[in-house]
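Note sheet for the following structure.
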Amino acid sequence: MKSGMLCGEAVFEAIAAGVEKGGDLAVARVTEGEDLFVKELTSYTDKFNNSWLKEELYNARNFGPAMHKFGQWIGGAFNFIDQNVFKVPFTLHDLKQDFAVLKTVDATSFKPTYPKPDGKLTFDRLSSVFISNTVHEENQPAHLKLTDPSIPVNVNLPKWDEPAQRYCPAGVYEIMENDDGSKRFQINAANCVHCKTCDIKDPSQNITWVTPEGGGGPNYPNM
């Protein structure tokens, strides 16, 4: 949220500076060969570097890699010391991308099960999507692109039990059964809350998130 606020400030300042010089934002008019509106928001980088956000993220930089390398208990102890006792003088790194460490169905017997939402403390995904006020224009091209439409059913489903149907917090991806018993991959793009988990986590790197037409997406008016 803070990074978005900083970006908004940088955009506003850039627009205001261009208008003050006589620029017309509607047509991005060029006067006497000089573009009155900046092409790159370099001030955003300066704002980020001077904010508490950079310091907070830097101090927490070892959290994820420590948990991945050392496990829950040792990694947790490492993070407690690093964040509460003294700062370690080095930075841990994840040497593998997130999608590359997903275990196959054959490599694990664990299958997550979740209790039924009670509607008081826990809620189903579609109810949460409704609260997010997610809206996309009707009949627009899907903004979730598949490099190969056959991969979800032919590769991801037998190898990883198609993780997209679980890691997506908005229930965008579903494995459906056709009348003849065959499987198909369904994308409910209108539910997307733009977290981009699928773009990052898909084990086949087959899903690409692109900006939807019309500026649709979630809207959190009370935040």
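No value in this document is a laboratory result; all are computed from the given coordinates. As the structure is a prediction and not an experimental result, all values here were calculated from the model. Note that we place each Cβ from the backbone using ideal geometry, even for glycine, and neighbour counts take in every protein chain shown.
Computed quantities for the displayed model
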| read-out | value |
| --- | --- |
| Choice from Asn62, Asn191, Asn50 showing the highest fluctuation, given a GNM over the chain with Cα pairs closer than 10 Å | Asn50 |
| Cβ-based charge dipole, the chain, positive-most Cα from Gln83, Val193, Ile151 | Gln83 |
| Sites excluded, chymotrypsin sites (Phe, Trp or Tyr not before Pro) in DSSP loops with at most 12 other C-beta within 10 Å, longest stretch of the chain | 111-223 |
| Principal-axis tilt of helix 2-20 within the chain, Cα atoms, nearest 10 degrees | 30 degrees |
| Rounded FRET efficiency, nearest 0.05, which uses the C-beta distance separating Met67 from Lys87 and R0 of 25 Å | 0.90 |
| The range 31-109: GluC sites (Glu not before Pro) in DSSP loop, at most 10 other beta carbons within 10 Å | Glu32, Glu40 |
| Relative contact order (%) - the range 98-215, alpha-carbon pairs under 8 angstrom, separation at least six | 35 percent |
| Taking the chain and dividing mean pair separation by its residue count, relative contact order in percent (alpha carbons under 8 Å, at least six apart) | 17 percent |
| Debye, to nearest 20: dipole size of the chain, +1 on Lys, Arg Cβ, -1 on Asp, Glu Cβ | 940 debye |
| Fewest-first sequence of Ile187, Ile207, Ile200 by Cβ atoms within 10 Å of each Cβ | Ile200, Ile187, Ile207 |
| Tensor-based shape of the range 98-215 (alpha-carbon gyration tensor, a/c under 1.5 rounded, otherwise prolate or oblate) | oblate |
| DSSP-loop trypsin sites (Lys or Arg not before Pro) across the range 114-215, with at most 16 other Cβ within 10 angstrom | Lys120, Lys196 |
| With 10 Å bins from 0: P(r) over the chain, alpha-carbon pairs, percent | 6, 19, 27, 27, 14, 6, 1 |
| The range 117-176 pair-distance distribution - Cα-Cα, 10 Å bins, rounded % | 18, 40, 30, 11, 0 |
| Exposure proxy order (Cβ contacts within 10 Å, fewest to most) of Glu137, Glu174 | Glu137, Glu174 |
